[in-house]
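What follows is calculated from the coordinates using simple rules that are stated; it is not laboratory data. Being a predicted model, the structure only gives us computed values, none of them experimental. Because the Cβ atoms are built from the backbone with ideal geometry, glycine has one as well, and the counts that use them run over all protein chains shown.
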Amino acid sequence: MVHNEKLDNRIVEKAETSRDDRSIISSGNGEFQEDTTSADALQFDHTQRNLKNRHIQLIGIGGTIGTVLFVQIGATLSKGGPGSLFIAFSLWCTIILAITNCVSEMVTWIPISSPFVRFADRFVDPALGFCAGINFFLFQAMLVPFEVVAFNVVLKFWTDKIPTAAVIVFVLFMYCVLNFFAVKYYGESEFWLALGKTILIIGLIIFTFVTMCGGNPQHDAYGFRNWNPARVDGTPFAEYLYEGKLGQFVGFLACLIQAAYTIAGPEYVAMTAGESQNPRRTMPLAFNGVLYRLTFFFVFGTFCVGTIVAYNDKDLLNAISNAHPGAGSSPYVIAMVHMHIPILPHIVNALVLTAIFSAGNSYVFCASRTLLGLSLEGKAPKIFSKCTKGGVPVYSVALTLAVGLLAFLQLSNNAAVVLQWIINLVTASQLLNFSIIAFSYIRFYNALKAQGISRDTLPYKARLQPFSAYYALVATLIMTFVSGYSVFLPGHWAVPDFFFSYTMVGVLPLLFVYYKLRHRSQWQRLETVSFFEKERAQVDRYERELKDEVATSS
């Protein structure tokens with residue numbers, strides 16, 4: 001695709017000169033209405049559309065796949081066994097697909113910065129938009145120092161002689177370099193980093209199928225041995241905490257909770273909407289790609305994990321209990337050691353290192369764009385919406401990286417515990433974010449009906465709606481409250497665990513009430529919901545002029 005950065009600048013200038021005026025804009029159903037959005041309430045988005053389709057596809061992978069799928073998943077396997085692990089991850093993929101259905105339809109029609117945060121504001125209540133923004137920003141920003149610390153741990157697979165402070169400084173400096181320059185450089189870096197993850201998971205899936213058929217130094221065609229209860233006691237549905245069927249159910253629940261915190265994707269694709277080239281064409285392609293990524297990476301990935309190593313393997317349990325660094329706790333590496341395969345464990349560790357770096361890079365991007373969205377909606381200081389000439393919200397990125405400095409807590413053992421506490425506090429945020437997306441879509445769907453706008457006129461019409469939205473809403477809300485279930489089991493009560501599991505569940509309603517009382521925000525009426533008419537008009541002009549530019553250049 002031919003793309004001219006000057007074209008973006010001309011469109012920005014045109015939009016800025018008219019942003020203080022009321023304009024007559026298409027409402028999406030062929031009719032025209034007056035845009036009543038107050039220019040004082042909203043600021044103009046100065047980000048630039050420099051992300052190509054290939055960037056967006058790989059950014060979705062970058063934020064989705066972290067070390068859990070390669071390393072920590074071994075701990076989950078030990079709790080539920082291969083059967084529960086495979087079924088739980090496959091089941092949760094259907095819920096993420098339902099979330100994708102919700103966000104894709106809205107974002108493709110309204111491709112703006114920090115979309116689902118602003119959708120909650122416009123389609124539900126400004127107070128919910130405030131909650132969504134704070135929730136997602138905290139979630140993404142706090143994962144940055146977590147990934148920095150994880151990067152240092154993975155390095156210890158090879159050596160512990162590199163000073164921790166030096167590693168932290170290096171990683172944060174690279175995030176600074178990749179995120180402070182024009183967004184196209186972020187997109188390019190994330191493309192290659194996420195490509196490393198893709199190569200890793202494809203390689204490990206091929207490794208599994210080759211070795212299970214006897215393609216290993218021992219020529220051991222182990223096949224589905226680790227799924228066979230006659231060969232491995234208690235498989236494929238392991239007992240956890242209790243014996244019998246109850247223990248198997250608790251094991252499955254442990255796997256489902258891990259899946260709920262591991263599998264993501266649509267929100268990372270959505271966050272690129274305001275900076276994607278030709279968004280009405282590229283965004284549907286990116287969202288459709290979520291289906292194939294979920295199926296291939298998580299469904300096949302969990303199947304392979306349960307196949308290559310037994311859930312009760314002594315080396316696996318020992319690696320988990322002793323917290324072996326880097327890929328040392330990975331079921332794949334343990335299987336390689338069993339088969340006496342050299343070199344490959346080091347390659348896996350190297351690619352896991354790129355996976356961690358890529359995840360942290362994605363979190364910096366998403367957190368900064370969330371803060372940008374809050375600022376554009378008047379819910380954060382105006383300074384956070386200021387962008388460089390390259391379209392980077394520089395102050396939003398700076399604050400996100402400042403949160404990343406918490407990684408230096410790792411220098412003190414006691415402080416490292418505090419850092420883990422903070423991470424645990426925001427783990428429920430992902431499920432709450434999914435719930436907000438689903439509820440926002442339900443309001444969006446009903447507002448379209450109330451205003452007589454046919455979904456057939458939208459650039460992209462998702463399937464199985466509104467069933468998908470209700471399915472996703474119910475499932476994510478249930479899992480939000482179930483996720484900390486273990487503290488209620490006899491003998492497992494611990495105040496810190498309860499606090500970590502449910503703090504955000506209590507904080508969000510308080511934020512909602514605070515905003516309602518302070519700003520007296522109103523619950524949006526379906527008949528008068530605004531569908532970002534001014535922003536859509538800007539995108540329409542951008543795409544028309546981009547098309548003309550391509551036609552002229554060809």
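Miscellaneous remarks
- For the range 174-299, the Cβ-based charge dipole about the Cα centre amounts to some 340 debye (Lys, Arg positive; Asp, Glu negative; other atoms uncharged).
- Prolate/oblate/rounded call for the range 350-491, Cα gyration tensor, a/c under 1.5 rounded: oblate
- Mean separation of Cα contacts under 8 Å, 6 or more apart, over the residue count of the range 290-377: relative contact order %: 19
- Percent RCO, i.e. relative contact order, over the range 239-350, from Cα pairs under 8 Å lying at least 6 residues apart: 13
- Charge context of Thr100, other residues only, Cβ under 12 angstrom, K/R +1, D/E -1: 0
- Backbone geometry of the range 292-305 corresponds, through the Karplus equation with coefficients 6.51, -1.76 and 1.60 at θ = phi - 60°, to 3J(HN,Hα) couplings of 6, 5, 4, 4, 6, 6, 8, 5, 5, x, 5, 4, 5, 4 Hz, x marking Gly and Pro.
- Whole-Hz ³J(HN,Hα) from phi, Karplus 6.51 cos²θ - 1.76 cosθ + 1.60, for the range 383-399, glycine and proline x: 4, 6, 9, 6, 10, 6, 4, x, x, 9, x, 4, 6, 5, 5, 4, 5
- Per-residue packing, averaged as other Cβ atoms within 10 Å, sorts the ranges 256-267, 397-408, 219-230 into the order 256-267, 397-408, 219-230, beginning with the highest.
- Restricting the calculation to Cα atoms, every distinct pair contributes to the Kirkwood radius of the range 191-345, found to be 17.9 Å.
- Members of Lys386/Lys534; Lys379/Lys547; Lys156/Lys314; Lys449/Lys534; Lys156/Lys197 lying beyond 27 Å, as alpha-carbon distances in this model show: Lys379/Lys547
- Structural descriptor for the range 439-532: relative contact order 37 percent, calculated from alpha carbon pairs under 8 angstrom and at least 6 residues apart.
- Cα gyration tensor, the range 119-192 - rounded (a/c under 1.5), prolate or oblate: prolate
- Under 5 Å, built H, 5+ apart or other chain: amide partners of Ser276: Leu51
- Environment charge at Val167 (Cβ cut-off 13 Å; Lys +1, Arg +1, Asp -1, Glu -1): 0
- Net charge in the neighbourhood of Ile356 (other residues with Cβ under 14 Å of its Cβ; Lys, Arg +1, Asp, Glu -1) is 0.
- Peptide packing: for 200-210, 280-290, 124-134, the average count of neighbouring Cβ atoms within 10 Å per residue gives the ranking 124-134, 280-290, 200-210, highest mean first.
- Across the range 493-505, computed HN-Hα scalar couplings (Karplus, 6.51 cos²θ - 1.76 cosθ + 1.60, θ = phi - 60°) run 5, 8, 4, x, 5, 4, 4, 5, 6, 10, 4, 5, 5 Hz from first to last residue, x flagging Gly and Pro.
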